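Colleague: One structure is given below, represented as structure tokens, and several questions about it will come after.
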Amino acid sequence: MATKQLLQILLKSREGIQSGAIKVKDIVTEYLTSTGAKTISPDERYTINKEFSELAPSNVVGDIFGDFQGLQKDAGDVVTDTPFTNKIRQQNPGVEIRGDETFGELTEKLGKPKDQGLGSLYPKGGLSEEIKRDDLAGFMRAMRKAGIKNEDVMDVAKITDVAEGKRAATTLARAADMGADTKIKQEFLSDLDEKVMNNGPRYFQEEFQGYDSYGELIQNESSRIRNAVVDDLEALGVDEQKLTNILTYSNDVAKKNPYQPEAFIESIKQELEMNNIKYDMSFWENYISKILELSAKPATRFAGGGLV
């Protein structure tokens, strides 16, 4: 019943396709995973492509087709009499298929999906046997609400171990909270989280994460951030001269304000705005704020004298 499952998946995904949240690869992944198929046929590709051409936002259609581009036969709403509809007839002998039904008519004839969706991503013995589908759907909604991208949500959905899936979701939510939207930012965050997990307050407040002094720590972290920003911008395709200007200016600001990392971060934000470069600096603001917070020693309870 693989063909019927494809139609059901497309039907339940219509809202996501219309909003642009669900991409072609999401449909293909769910279809292959839920059916156990190794590949999809040209007719199945045509059906997927046709549905996206009709529903997906016009500004993203070119991006979502990928290797499906050019496979659609027309832009109409009629499912023509093809080997695909012949296959549907074979799989549903009790249903009259004319061959010229609209997509909506066809899905109505074959029946709307029941108990299908994210739960179907899990193979027998995986998450679907350990938690209820309602719980799973709520888990997915919570991840999306936390700002986790749809493709990352779908990747987590493929993890069959409950504990591992929750850890992966937590990591993604943490990255979303901190604004870690590039690989470099995520590496910085992962390194910091590992230090927090493996070390106590003394490591940050007295040992300065292995540096000789608080000042050396701040200057080193500031330098690492500036170089990381340049690496990120280079990956975005910013030209070398602009990169040099940004790094030179931010280094100069940092030199004049060695213990105020906020100053060079603000200078980079200004340079990005002046050069119309779209790059979010919020992670670096959050990151350095966390470093300062971890390194601050707690106030002495009796510093003012007397009793509390």
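The values are calculated or read from the model by the stated rules, or taken from the named source; none is laboratory data. Quick caveat: nothing in here was measured; it's all calculated off a predicted structure. Neighbour counts are summed over all protein chains in view; Cβ atoms, including those assigned to glycine, are modelled from backbone coordinates with ideal geometry.
Colleague: Considering Pro83, Pro42, which residue is modelled with pLDDT of 60 or more and surrounded by fewer than 17 Cβ atoms within 10 Å (Cβ to Cβ)?
Modeller: Only one candidate passes the filter, namely Pro42.
Colleague: Next question, about the same structure. Any idea which of Ser250, Ser213 is among the polar types (S, T, N, Q), surrounded by 14 or more Cβ atoms within 10 Å (Cβ to Cβ) and either assigned by TED's automatic domain parsing to the domain that holds Ser289 or within 33 Å of the chain's Cα centre (by Cα) (or both)?
Modeller: Values: Ser213 fails: surrounded by 14 or more Cβ atoms within 10 Å (Cβ to Cβ).
Just a single option satisfies the conditions, and that option is Ser250.
Colleague: Right, something else. Scan the range 36-46 and tell me whether some residue there is within 26 Å of Val95 (Cα to Cα), of a type in the set (Ser, Thr, Tyr) and more than 26 Å from the chain's Cα centre (by Cα).
Modeller: We begin by selecting, within the range 36-46, every residue within 26 Å of Val95 (Cα to Cα); these are 36-37, 40-46.
With of a type in the set (Ser, Thr, Tyr) added as a condition, the list becomes 41, 46.
Then keep just the ones that are more than 26 Å from the chain's Cα centre (by Cα); that gives 41, 46.
Yes; the residues of the range 36-46 include at least one that is within 26 Å of Val95 (Cα to Cα), of a type in the set (Ser, Thr, Tyr) and more than 26 Å from the chain's Cα centre (by Cα).
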